[in-house]
Every structure is written in C-alpha cells, then in structure tokens.
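Here's the structure we're looking at; comments come further down.
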Amino acid sequence: MTKSFLLILSAILVTLGATVSAQESNEHILLDQLRVIVGDGSVLTNAAVLLRGDTIVAVSPSADMEIPADTTRIDLAGKTLLPTLIDAHVHLGYEGTSSWGAQNYTRENILEQLQRYAYYGFGAVFSAGSDPDVLALEIQRQQAAGEIGGARFVFAAGMAPPGQGPNNQFLVEALTVEQQTGNTILRGLANEEQARAAVRAVAELEIPFIKLWVDDRNGSQVKLSPAIYRATIAEARQMGIAVVVHQQFAEDMPDLIAAGVRGSRLNSAVHYHVRCESPPDICRRTTTAAILPPSCSSPARPTPATHQHVSAGTFSPGDLQERHLG
C-alpha cells in the first residue's frame, strides 16, 4: 500500500509545484488537512500523512499527529489521497480515439494509454495475453529504468490451441499485430510437450504471467483440453510463473482448480465470464482458491476515466449477463 500511495503523492507534489520530493529526500514531509481514502472502506477527514523518504511513517487525524522537528508541512486542504487503482484485465494498444484494431497497436499508443491510466489514478494495468512479447518487455525495461512513465505495464504471454484463443474478431487483430511486429503474442498448444516447451520459452524471456484460453467460443473454436492445460499449469508452477485462465463454463471450474489454481501463493488464477446458473459450491471453491471474481462487462469499451470494476455480489443473478470478451 505504501508504494501505491506514494505514486499518488508524487502526482500531488508535482501538481502543487512542490520543491521537495518525498521519494528522493530523507527529510520528513507532512501532508496536512487532506482527506485520506484508506482502502479498507474507511475515510479520514482533516487527516495528516507523515512521510520520510519513500516511506509513509504515520497517518492520523491532523490534531493527533506527532510532528518531528524541521518537518516540511504542505497544506492539502481540499485534496484527496487514495491508494492507486489497478486494472486487472485490459488489452492495451488496440483502442484508438475512434477505432479499435491492430492498426492502433503501436508503442506510442501503448505509452499514451499508460499515461492516461496514471492520470486517472491507476498505478498498474494487466494486459492479458494480447501483447507482442519483445515490444512489451522493452516497454517494461524502459519503465523500470525511469526512461518512460505511466501506469506500470504488466502483461501475460498468451497460450491457446494453435491459431485460436481470443474471440474471433480479436484473434484476427492479434495475429495481425504479430505479423506487423515480428513478435510472438499467441503460443499454440497442440499437445502436452508443446505446452511445456512453450512455458519454458516464456520463462527464458522472464515473463512472469501466462494467459490460457479454455473456451470453445460457442463452437467456433476448439477448447483447450484438460491434459494440455494441466501440463501448462504444472510446468508454470515449477518455473514460478502465474497462470491466468480465461474460461466460459462453470463445469470447467472444478478441474481448473484441481489443476493448480491456488490463491494462497497466487501461482494460478482464473478470469472467467460466469453463467448465472453456476452452482453455489463452485462460487465457494473459487473464493477459497482466491480466484478473480466474475466479471460483468459492458459491450462498450470505456476509457479509464469511466471504467468501473464491480463484483457479482452487487447484482442479483438475473441481472448478470454472460459476455464473450477477452
């Protein structure tokens, strides 16, 4: 939580034209009289936040804060501080200002979108299985070196049956981006050995996430077989790679969980578009395994300014609609 708070703090200090950087100085800085959204449901008003270097030392009501000598005080009355947000499922690069598709996928567009996410308070975004690997790794390297900014770019290597995976429209665009960049986006898995080899190739690139598609796309594609996804997850666990699985049907959940979806170490997680008739025991098992909750997505493609994350508990079962996205 400290690092995510500090990303917003940095933005506040820059906006105010502050000459003292909380992350580059070991002196104490007091942010005073601001509202703090803690992140656990509580909100502090007339609060104070004491910083030293890159550490939040204390957060308390302003009147109760013990202030060290020679502390620099910054009055932030009317401002709000909150942990940065994380978008855990995006497909960066394909969205343009007035169109969607491979023609928009450029390094410049990725950077613009990462900057836009940061502007709206996002500290990181997870692009799930649709990015050219070498280009994405270079952007990550540049971010780590401080050469470029924006929300932290996290991505997964995509894996599915050969020539399949994303929905059919998205698939065409992803394969086009592969051709344009000469990079790999989707690794085809035809058998267990090929699956293990693909995982090892991803490990060599030091990509820490893999996205599997386990979906027949309403009969238009071949669903990844249990034997292949089990081999993939097992190999990934040995390599320390987290596996995110897109799946569409509740009946696939028990075996995916048994294959190694364990939330305690987050070696694997499942992103799933749930059918409303999913048995309650499946919901309980996914909760126990710390699997990502069902998504209720809008057909529209919102910008980060309007993107809202909702849990299934917000709606009655009749309100949820099955979506075939991602």
Can you list residues from other chains, or at least 5 along the same chain, whose modelled amide H is less than 5 Å from the amide H of Val57? Leu50, Leu51, Arg52
Ala157 long-range amide H proximity, modeled H, under 5 Å: Phe209, Ile210, Lys211
Of Gly93, Ile74, Tyr120, which is farthest towards the positive pole of segment 74-175's charge dipole, taken about the Cα centre with +1 and -1 on the beta-carbons of Lys, Arg and Asp, Glu respectively? Ile74
Tell me, what HN-Hα J-couplings in whole Hz come from the Karplus equation 6.51 cos²θ - 1.76 cosθ + 1.60 at θ = phi - 60° for each residue of segment 149-165, using x for Gly and Pro? x, x, 4, 4, 8, 10, 9, 10, 6, x, 9, 6, x, x, x, 9, x
Total formal charge among the other residues, if their Cβ is under 10 angstrom from that of Asp215, Lys/Arg +1 and Asp/Glu -1: 0
Residue-by-residue Karplus 3J(HN,Hα) for segment 43-58, coefficients 6.51, -1.76, 1.60, Hz, glycine and proline x: 10, 9, 9, 6, 9, 10, 10, 9, 10, 9, x, 9, 10, 7, 7, 7
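No lab work stands behind these numbers, since they all come straight from the coordinates. Keep in mind it's a predicted model, so treat the numbers as computed, not measured. Ideal geometry is used to build each Cβ from the backbone, glycine not excepted, and the neighbour counts take in all protein chains shown.
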